[in-house]
Ligand SMILES: NC(=O)c1ccc[n+]([C@@H]2O[C@H](COP(=O)([O-])OP(=O)(O)OC[C@H]3O[C@@H](n4cnc5c(N)ncnc54)[C@H](OP(=O)(O)O)[C@@H]3O)[C@@H](O)[C@H]2O)c1
């Protein structure tokens, strides 16, 4: 029989969405009693039943605030300012409000600080779908933490209780931090999907099967070596090959051609900075791809 989890501070969850229900379940497994969860839609009610069975479900987020010392505000980014303003009324000194938004810091919770509460912004650098399959992804997950000084160590322990790895982040760096994650994770989806479309247009039956070994190797190399992982025609200054690519891509899908041009220009400049191609080759490639 496994040992019972140690007693932890009670927590309430506003918003049983994709992330809120999962964080609530992980904190509960670490010994935090979940005193209440607020839901509005049927989907959120189902998610709460699945991930937080037996936790009191309420309609009014203010009831979550009344029932817990630590309150997670897991609502969409755009709803955070109005939720923070509304919940300043039931908030009391000594409470701690936590939000998991990446781009926002503590400023968005200012009305709650005015009410005497402390603030934590705690962003797991991971994607969540709101199912139990998300729970193991928290193990070792980096979590960007910005917190009022008085609750800095509590914030780090909340991350450890999730199984995550706290990474301190200054308030003024959060937008750039979040932009970097989105640039890599979201735009990678667009890039790979574009390549899949072009391969499909060439008649290849399963583009993912063809791409998988190459992309897995490139991702592993890039995470290890950064720019040094670069191979391909731009890294060799093979302007003729790039010219051929542009003609082929433009014929299949103009938008893919434009994306290729922008990325090839950035790639050429980075290849030039690390000395893989000469300044003349950078200029020649840039002129070719940016010529409209
Ligand atoms: N999902 C991820 O991969 C992920 C990763 C890192 C960080 N985050 C952050 O986590 C936060 C929540 O994202 P999510 O993906 O979980 O969104 P989501 O699935 O859309 O869930 C948001 C929840 O907030 C509730 N809600 C919306 N407006 C509300 C309001 N005015 N008052 C009370 N509840 C309200 C919704 O309730 P109903 O459904 O009942 O209407 C919904 O359950 C965001 O700040 C996001 O940036 C998400």
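The values are calculated or read from the model by the stated rules, or taken from the named source; none is laboratory data. The structure presented is a predicted model; accordingly, all values stated were derived computationally and were not measured. Methodologically, a virtual Cβ is constructed for each residue, glycine included, from the backbone with ideal geometry; neighbour enumeration extends over all protein chains shown.
Across segment 81-96, what is the number of residues that are away from the ligand (no atom under 13 Å from the Cβ) and within 25 Å of the chain's Cα centre (by Cα)? Spell out how you get there, then give the answer.
To start, the set of residues in segment 81-96 that are away from the ligand (no atom under 13 Å from the Cβ) comprises 88-96.
Applying the additional criterion that residues be within 25 Å of the chain's Cα centre (by Cα) yields 96.
So the count comes out to 1.
Among the numbered conditions (1) assigned to a helix (DSSP H, G or I); (2) under 30 Å from residue 180 (Cα atoms), tell me where residue 123 comes up short.
Result: residue 123 fails condition (1) only.
Would you confirm whether or not segment 147-156 contains a residue that is in the same structural domain as residue 20 (by TED's automatic domain parsing) and in contact with a helix residue (DSSP H, G or I) (Cβ under 6 Å, 6 or more places away or on another chain)? Before you say what the answer is, go through the steps one by one.
Of the residues in segment 147-156, the ones in the same structural domain as residue 20 (by TED's automatic domain parsing) are 147-156.
Subsequent filtering for residues that are in contact with a helix residue (DSSP H, G or I) (Cβ under 6 Å, 6 or more places away or on another chain) retains 147.
Among the residues of segment 147-156, at least one is in the same structural domain as residue 20 (by TED's automatic domain parsing) and in contact with a helix residue (DSSP H, G or I) (Cβ under 6 Å, 6 or more places away or on another chain), which makes the answer yes.
For segment 215-232, indicate whether the set of residues that are over 26 Å from the mean Cα position of the chain (by Cα), in a helix (DSSP H, G or I) and either assigned by TED's automatic domain parsing to the domain that holds residue 190 or exposed (fewer than 14 other Cβ atoms within 10 Å of the Cβ) (or both) is non-empty. Talk me through it step by step, then tell me what you get.
In the first step, residues of segment 215-232 are kept if they are over 26 Å from the mean Cα position of the chain (by Cα); the result is 231-232.
Those left that are additionally in a helix (DSSP H, G or I): none.
Taking every residue of segment 215-232 in turn, none turns out to be over 26 Å from the mean Cα position of the chain (by Cα), in a helix (DSSP H, G or I) and either assigned by TED's automatic domain parsing to the domain that holds residue 190 or exposed (fewer than 14 other Cβ atoms within 10 Å of the Cβ) (or both).
Specify the residue that is nearest to the ligand (Cβ to nearest atom); the eligible residues are those in segment 104-128 that are modelled with pLDDT of 95 or more and surrounded by fewer than 16 Cβ atoms within 10 Å (Cβ to Cβ).
Of everything passing the filter in segment 104-128, 107 is nearest to the ligand (Cβ to nearest atom).
Which one of 44, 84 is in a helix (DSSP H, G or I) and under 25 Å from residue 163 (Cβ atoms)?
44
Going by what's in this entry, would residue 285 be described as at pLDDT 95 or above and under 19 Å from residue 183 (Cβ atoms)?
On the way: at pLDDT 95 or above: yes; under 19 Å from residue 183 (Cβ atoms): no.
For residue 285, the condition - at pLDDT 95 or above and under 19 Å from residue 183 (Cβ atoms) - is not met.
Given the structure, is residue 137 assigned to a helix (DSSP H, G or I) and in the same structural domain as residue 85 (by TED's automatic domain parsing)?
Working: assigned to a helix (DSSP H, G or I): yes; in the same structural domain as residue 85 (by TED's automatic domain parsing): yes.
Taking the combined requirement at face value, the residue satisfies it.
Given the conditions (1) touching a helix residue (DSSP H, G or I) at 6+ places or on another chain (Cβ under 8 Å); (2) more than 12 Å from the ligand (Cβ to nearest atom); (3) farther than 28 Å from residue 116 by Cα, and given that residue 53 satisfies all but one, which numbered condition is not satisfied?
Going through the list (1) touching a helix residue (DSSP H, G or I) at 6+ places or on another chain (Cβ under 8 Å); (2) more than 12 Å from the ligand (Cβ to nearest atom); (3) farther than 28 Å from residue 116 by Cα, residue 53 breaks only (1).
Select from segment 56-80 the residues that are away from the ligand (no atom under 14 Å from the Cβ) and under 18 Å from residue 146 (Cβ atoms) and list them in ascending order. Write out each step before concluding.
Of all residues in segment 56-80, those away from the ligand (no atom under 14 Å from the Cβ) come to 56, 66-70.
If the condition is that a residue be away from the ligand (no atom under 14 Å from the Cβ) and under 18 Å from residue 146 (Cβ atoms), then 70 is the only one that fits.
Can you give me the number of residues within segment 16-33 that are part of a loop (DSSP other than H, G, I, E, B), within 16 Å of the ligand (Cβ to nearest atom) and in contact with a helix residue (DSSP H, G or I) (Cβ under 7 Å, 6 or more places away or on another chain)? Talk me through it step by step, then tell me what you get.
Step one: filter segment 16-33 for residues part of a loop (DSSP other than H, G, I, E, B), giving 16-19, 30-33.
The next check asks that each one be within 16 Å of the ligand (Cβ to nearest atom); those that pass are 16-19.
Applying the additional criterion that residues be in contact with a helix residue (DSSP H, G or I) (Cβ under 7 Å, 6 or more places away or on another chain) yields 16-17.
So the count comes out to 2.
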